[in-house]
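What follows is a set of notes on a single structure, which appears directly below.
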Amino acid sequence: MKKWIFVFSALIFVISFHAYAIPQVINFQGRLTSSDATPITTPTSVTFRLYDALTEGLLIATYSPGSITPDNNGAFSALLNFDSSCFNSTDPRYLEIQVGTQTLSPRQQIVAVPYAYRAITAESLSGGIPTGPTGPTGPTGPTGAAGATGPTGPTGGTGGVGPAGATGPVGSTGPTGGTGGVGPAGATGPVGSTGPTGGIGGVGPAGPTGPTGPTGATGPAGPAGDITGSSPNWLKAATLEVAGSFKASSMSFASPVTRYYSINPAIFTPKQRLSYDDNAYFMKDYDTGYLKNENNEGQVYLASISLPHGAKITGATMYSQHFVVSQQIYFNLYNVNFTGTSTEIFTLGKTGVSNGYQSESVSGLNHTVNNQNYSYMLYLYLGGYPKFCGAVITYTIDSPLP
């Protein structure tokens with residue numbers, strides 16, 4: 001927003017201007033600045049209006065010099081050409097100023113100067129103005145305010161080159177430079193003399209075993225034995241020799257045997273990326289053996305596994321690595337029947353509480369694997385950048401299902 005500042009002087013005429021050639025204009029001076037006191041130097045439109053009252057009142061005359069151009073300090077002057085009839089009355093006159101579209105307030109009262117007072121006296125005389133003796137010279141009036149600074153003159157031409165100065169003293173020695181690079185390798189020296197013969201080395205490893213000789217003739221068959229005893233440990237107590245192939249239709253163990261099924265990260269395939277982008281960004285690092293997302297978005301992975309028919313799943317352990325606290329990872333096992341219905345066997349969830357490798361386990365499970373009616377699917381969710389390093393499913397087996 002612009003701030004308008006005006007300083008003005010005026011000369012008002014209230015006579016008929018018939019005695020002497022008195023100038024019929026009012027000299028108006030002002031200064032334009034912005035709100036931060038910076039001078040306004042661009043052309044600006046100004047309109048002057050003459051009223052008979054400080055507010056409202058009768059509009060007597062309007063004068064617009066058009067556009068005024070302030071100097072470098074924002075100062076300007078304008079000659080207001082109001083008709084002398086505007087000042088025939090003894091009533092005061094007020095000047096209203098409009099700068100651009102902004103009307104300034106309050107109006108400024110126009111007062112007479114001595115020249116105008118003398119003109120009023122002269123108008124009341126008849127028969128002309130008598131000439132009297134010249135009066136003494138009055139005292140010199142006070143010096144007026146300094147005018148605005150004129151524009152800067154053009155830069156003078158460049159002077160000639162002066163004589164060269166005396167040579168200065170020699171400066172101090174600079175710091176030693178860095179060590180240079182290693183030079184090229186020298187030529188290879190001559191071959192040295194042959195050293196003494198070494199001692200006899202140790203015995204080398206044994207060579208491979210030779211091929212097996214031909215099978216000997218089959219001996220006579222022995223008497224038939226009884227293998228139908230009632231003890232559940234009959235298989236462990238008996239010694240069975242078989243010539244040819246042997247197939248057992250059913251088998252049982254004296255006690256359940258614990259087995260472990262390891263899950264490698266490389267078996268998983270991305271199912272769904274939880275974002276608006278259908279492209280799956282994930283990474284299987286076969287050198288370090290882990291699975292992680294390439295960016296910080298949730299990702300679902302699926303894998304199919306095959307456990308022994310009749311095995312009982314008793315527990316599971318998941319291994320992961322977290323880089324940021326609160327990163328989440330979920331590991332689930334489902335059995336899915338052939339109509340599409342699934343049942344959760346276990347779930348392992350881990351939210352990182354610190355950086356580094358972590359594990360999560362579940363135990364006490366008692367699910368019997370039934371490969372005849374179900375398939376088994378692993379579900380893995382990575383939220384952010386945690387690594388899935390692998391998992392182990394623990395199961396026991398004592399008798400396969402029929």
Give just the number: which of (1) within 24 Å of THR152 (Cα to Cα); (2) modelled with pLDDT of 85 or more does LEU50 not satisfy? (1)
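Can you tell which of THR218, THR179, THR158 is at pLDDT 80 or above, more than 30 Å from THR41 (Cβ to Cβ) and open to solvent by 100 Å² or more (accessible area, probe 1.4 Å)? Don't jump to the end; show me each part of the working.
Working: THR218 fails: at pLDDT 80 or above; THR158 fails: more than 30 Å from THR41 (Cβ to Cβ).
THR179 is the lone residue from the list that is at pLDDT 80 or above, more than 30 Å from THR41 (Cβ to Cβ) and open to solvent by 100 Å² or more (accessible area, probe 1.4 Å).
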Only one residue in TYR381, TYR357 is part of a strand (DSSP E or B), of a type outside the set (Asp, Glu), at pLDDT below 95 and open to solvent by 60 Å² or more (accessible area, probe 1.4 Å). Which one? TYR357
Mind listing whichever residues of the range 51-88 are in contact with a strand residue (DSSP E or B) (Cβ under 8 Å, 6 or more places away or on another chain), closer than 17 Å to VAL111 by Cβ and touching a residue at least 60 places away in the same chain (Cβ under 8 Å)? LEU80, PHE87
Heads up, the strands (runs of 3 or more DSSP E) in the range 33-81 (entirely inside) with at least 1 residues that are surrounded by 12 or more Cβ atoms within 10 Å (Cβ to Cβ) and of a type in the set (Lys, Arg) are 44-51
Among the residues that make up the range 18-28, is at least one of them closer than 28 Å to THR152 by Cα, at pLDDT below 90, open to solvent by less than 50 Å² (accessible area, probe 1.4 Å) and assigned to a strand (DSSP E or B)? yes
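The values are calculated or read from the model by the stated rules, or taken from the named source; none is laboratory data. In this text the structure is predicted, and so the values were computed from the model without any measurement. All Cβ positions, glycine included, derive from the backbone under ideal geometry; neighbour counts span all protein chains shown. Please note that ligands, DNA and RNA were not included when accessible areas were found on the heavy atoms of the full protein model with its side chains. Shrake-Rupley method; radii C 1.70, N 1.55, O 1.52, S 1.80 Å.
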